[in-house]
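Everything on this sheet refers to the single structure shown next.
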Amino acid sequence: MNHTQLASPIDDINQRAVSSFSAGQFAEALSMVTPLVDGDAMPDGALADALNIAGACSFALQRPAEAERYWRRCLQLRPDYADVYGSLGMLLKSLGRLSAAKAMYRQLVALRPGDPDARNHLGAVLYGLGYKEEAEASYRQALAIRPDYAEAHYNRGIVLHELRRPQEAEAAFRDALPGLPAHAEVHNNLGNVLMELGRLAEADAAYREALTIRPQYPEALNNLGGVLKATFRHTEAELAFRLALAIRPDYAEALLNLGTVLADFERLPEAEAAYRDAIAQRPDYAEAHYNLGVTLCKMEHLFEAEAAYREAIRLRPDLVHAHNNLGCVLRRLDRLPAAVDAFEQALGVCPDMAEAHYNLGAARAQLMQFPEAESAYRRALALRADYGDAKFGLSVLLLGMGRFEEGWRLYECRYQQPGFVHHKTVAMLGCPQWQGDTLADKSLLVWQEDGLGDMIQFSRYFALLKAQGASHIAFACAPSLHRLMACVDGVDAVLDHDTARAQTSAYDCWTSLLSAPLHLRTSVDTIPRAVRLAAEPALVERWRPVLDALPSGRRIGLVWKGNANHHNDVNRSIPSLAILAPLWSVPGVSFVSLQKGRGEDEARQPAADQPLLDLGSRVTDFADSAAIIAQLDLVICVDTSTAHLAASLGKPCWVMLPEKDIDWRWLHDRNDSPWYPHTLRLFRRAPGEDWSMPVERVREACVERFGAADHTPN
């Protein structure tokens, strides 16, 4: 049969098949060309057209394997059939076979270098393969051919955003808008770029425009919620996230964001539930595990928080804050070596994370690894010179090591720390803070902002401040100190805080007693002698009959618990009076409870075989306590204000110190104190010891001191 004679009928069949295809009659169109593509004798050009039509029909009928087979046969006949490269590229892309699709689109670009669509499609495949720079270049080439190609502008904007070129991405999305004004995704993505650029009001407007076009757009609602949260409109943000979830209940990102808003509202159980829902939708959502850990930590569910952080790290080992926060939880769980390891893991991910260096320093300090702690604190400050916590941590470390010159200077950072009460003092008082300049003929207000024990310990500086020429020194302090401090050398007036605050404008300047060592250049070798407090004779006489009712012998005062609000009370207080029971065996000794607050109930019910006179619950202030201590032979206590009172009264005082987080004032590795060189003795808990061990050493010391002594009353 002559091919020329066949060409016209075959072309007619192909044209009728194209018409049927255009009318959506895909099966009918395919049936027309199937005999042609299955036949043998046919011109290559006509057969190639029939194969292209068959491929298009098969693709439309969702028979991708057949479509690919037809199109590949077509290209074998006509390697320059450009339309088929585009169609096959589209098919392969839809099947996720991006590398094969890339080859098709590259061939299409080679055949049609002036076709912007070919370059746009090639860019989309390159983007899908992760070749972002090449994808951006391909979109740019499409736009060079057709500058108003809105889809290419939009696609390029997405790539530029991911390439962290937000200004260019913004321009690309704005160039896309004229051609895609009703395309909600363009407005949404523009909002994302504006959000990243910190232009929150414009981002808000872009997201709202996207929602005007498509009200049921969960991504835009979620993103709008992010802007609202960033601008502290938390109630509206919660509503936006909940609307997104109403449209898509399994939207893990919106659940996560809802959790963050609920956490900001301190609705922690609800935040926890939102994070758990996010994890249920996406078990590998590392950020949700991390946020869950943060919330559980705030709820004091530390073991669960630890598990959440560890899961976040398992899923994303580069999540540096998860390592850091895990370390913080482990510190609170008193697993210090593990905490150190977590902080070091954080620094392995981000060596310049100042917070991790600070936390590492704090953990090292608790482990009494002082040189390592100092190095970590200094690294944190090298990275962030204004890091208040690191300054304070380093200051306390140096003071505890006896390096007072730098320690006192850094200790002043407490006035720049918003979380410290000292920071509020500066704003509260209406006169200048003394900076060490001359006090000659000036009136000075000394303001108590630290503990009661601090005030007694540092009251030795009043006389030195007076010696600097101050004409009048007023001390604003807690009422429990008033009677005791009224007779301290250098104090002209004792006031309560409210009265002093109302009169601050009348003073030339104010200071804290704990700033005096800096301005007076105190070193370990020049610590001023402790103030020698004296008990009021009338109060001594008032308490004498009560004490004289004790059996004859030595009298020892006891305090086993400190202020429950102290940051280290869990370590420094002895859990129960029963732990002191070995002391009851010391012969010829009576014990007097000076315990105030917690522990008073225990003092009212002493052991049957040991008299324990409960006076702590009966005293009204430190003047009463001083009158009682003046009539004792010894005070045994934990690290609390009573130690400073007893030592300043010149009474022997034995202080039992905790295993860790020992206050800087007691320094390290010594059993005496330069602050009270003749009156105070320290009994330290060694690492791994419980309280029974120092108590036994105190018992042995009591036996050595009093066991063979006469029983003459005080």
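Once C-alpha pairs closer than 8 Å and six or more residues apart are averaged by separation and normalised to the residue number of the chain, the relative contact order reads 6 percent.
Overall, the stretch 429-526 carries a charge dipole of about 100 debye about its Cα centre when +1 sits on the Cβ of Lys and Arg and -1 on the Cβ of Asp and Glu, all other atoms neutral. Straight Cα distances below 13 angstrom link Lys102 to the aspartates and glutamates Glu134, with same-chain residues fewer than 8 positions distant left out. Rounded, prolate or oblate: which fits the stretch 537-706, taking a ≥ b ≥ c as square roots of the Cα gyration tensor eigenvalues, rounded meaning a/c under 1.5, else prolate when a/b beats b/c? Cα axes put the stretch 537-706 in the rounded bin. By the beta-carbon count within 10 Å of each Cβ, the least crowded to most crowded order of His497, His357, fewest first, is His497, His357.
Look at where the Cα atoms of the stretch 634-706 and of the stretch 119-196 average out, and the two centres are 71 Å apart. Relative to the Cα centre, the charge distribution of the stretch 317-416, modelled as +1 at Lys and Arg Cβ and -1 at Asp and Glu Cβ, gives a dipole magnitude of about 220 debye. Annotation for the stretch 510-580 versus the stretch 445-463: alpha-carbon center distance of 13 Å.
Positive-end ranking of Ala278, Ile158, Tyr85 along the dipole of the chain, with charges on Cβ about the Cα centre, is headed by Ala278. Adding -39500 (n - 2.57) for every DSSP H run of four residues or longer, then dividing by how many residues the chain holds, sets the calculated 222 nm ellipticity at -18000 deg cm²/dmol. Cα-based values for the stretch 524-584, radius of gyration first and Dmax second, are 17.1, 44 Å. Rounded, prolate or oblate: pick one for the stretch 398-487, where a ≥ b ≥ c are the square roots of the eigenvalues of its C-alpha gyration tensor, a/c under 1.5 means rounded, and failing that, prolate if a/b is larger than b/c, else oblate. Judged from the Cα gyration tensor, the stretch 398-487 comes out rounded (a/c under 1.5). State which entries of Lys466/Lys651; Lys391/Lys651; Lys298/Lys391 exceed 32 angstrom in Cα-Cα distance in the structure shown. Pairs exceeding the cut-off: Lys391/Lys651.
For Thr295, Thr425, the sequence from fewest to most other C-beta atoms within 10 Å is Thr425, Thr295. For the stretch 429-526, the relative contact order works out to 42 percent when only alpha carbon pairs closer than 8 Å and six or more residues apart are counted.
As a proxy for reagent exposure, ranking Ile313, Ile629, Ile13 by other Cβ atoms within 10 Å from fewest up yields Ile13, Ile313, Ile629. About its Cα centre, the dipole of the chain is roughly 1000 debye, where the only charges are +1 on Lys and Arg Cβ and -1 on Asp and Glu Cβ.
Read-outs throughout are calculated quantities, based only on the coordinates presented, and are distinct from any laboratory measurement. Treat the numbers as computed from the prediction; the structure is a model and nothing was measured. Backbone-built Cβ (ideal geometry, glycine too); neighbour counts: all protein chains shown.
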